[in-house]
Amino acid sequence: MKGKENGLVDIYDALIEIYDDTTLTGSSGNASRVDAKDLAKAISSFKFLVSLVVWYDILFVINMTSKQLQAKEFNIRDVINQLGETKKFLVGRRSDADFEKTLVDAGELAEELDVPAFFEPDPICIRKKRKQFTYEADDEPIYNPKEKFKVNFYFAVIDTTIRLVEERFTLMQQISSVFGFLYDVYSLQNTTPKQIMEQCLTLEQALQHGESKDIDAFDL
């Protein structure tokens with residue numbers, strides 16, 4: 001993922017150009033320059049760059065699956081296979097090794113923007129614990145911004161995405177158990193009449209409400 005390819009460098013340069021434009025005067029002009037400076041600072045922070053890489057990689061894979069779901073020649077078995085591959089990819093990304101690879105990619109973006117590639121610590125306020133005894137030492141919490149980002153953002157985003165993919169995967173499997181044989185009629189040549197009837201009865205029951213039936217398994 002290159003900053004020039006996704007337009008990030010151009011956006012950053014445009015914001016800096018607005019900030020440096022001294023012809024922007026008055027309250028609105030000064031406000032525009034301040035906003036441009038703040039936005040340029042935000043999109044050039046290493047935390048934002050890492051987030052950008054994470055979402056780019058995830059959405060790239062999700063988009064391929066989404067296209068299959070929206071295709072005119074929709075094949076439920078192919079979609080299930082694609083969802084399985086998507087889940088496999090996401091599970092593979094949920095590792096310390098892949099997190100480090102993400103940092104390398106984000107570091108390349110940082111280099112293009114000429115900004116430091118490290119996580120700036122968030123300001124924290126530590127509440128002092130009241131000592132019961134004079135010999136008790138002060139609490140020294142370990143605060144690592146990189147680890148915090150990995151746990152609170154990187155793993156959290158991937159876990160949420162995996163859960164959503166699993167939900168869709170389960171739904172597609174349920175639909176396939178009822179309608180799946182209709183998407184692969186040619187495979188019925190290798191299916192026994194008894195198995196075909198069982199599938200037709202399952203479809204009939206799924207489309208039945210009380211005594212009302214949309215189809216008749218024996219007609220199928």
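Points to keep in mind about this one:
- Residue-wise HN-Hα coupling along region 150-161, computed from phi with Karplus coefficients 6.51, -1.76, 1.60 (Hz; x: Gly, Pro): 4, 7, 7, 10, 4, 5, 5, 5, 5, 4, 5, 5
- Difference of contour (0.36 nm per residue) and Cα-Cα distance, Val104 to Glu147: 13.9 nm
- The HN-Hα couplings worked out from phi for region 50-58 by the Karplus form 6.51 cos²θ - 1.76 cosθ + 1.60 (θ = phi - 60°) are 5, 4, 4, 5, 4, 5, 4, 5, 5 Hz, whole numbers, x standing for Gly and Pro.
- J(HN,Hα) series, region 19-29, from Karplus relation 6.51 cos²θ - 1.76 cosθ + 1.60, nearest Hz, glycine and proline x: 5, 7, 6, 6, 6, 7, 10, x, 5, 5, x
- Relative pair counts by distance (%), Cα atoms of region 1-72, 10 Å bins: 18, 34, 24, 16, 8, 1
- For the set Lys47/Lys101; Lys37/Lys150; Lys47/Lys146; Lys88/Lys148, the pairs lying more than 21 angstrom apart at their alpha carbons are Lys37/Lys150; Lys88/Lys148.
- Against the rule of thumb 2.2 N^0.38 Å, how large the Cα Rg of region 1-43 comes out: 1.25
Every number here is computed from the coordinates shown, using simple stated rules; none is lab data. Please read all numbers here as calculations on a predicted model, not as lab measurements.
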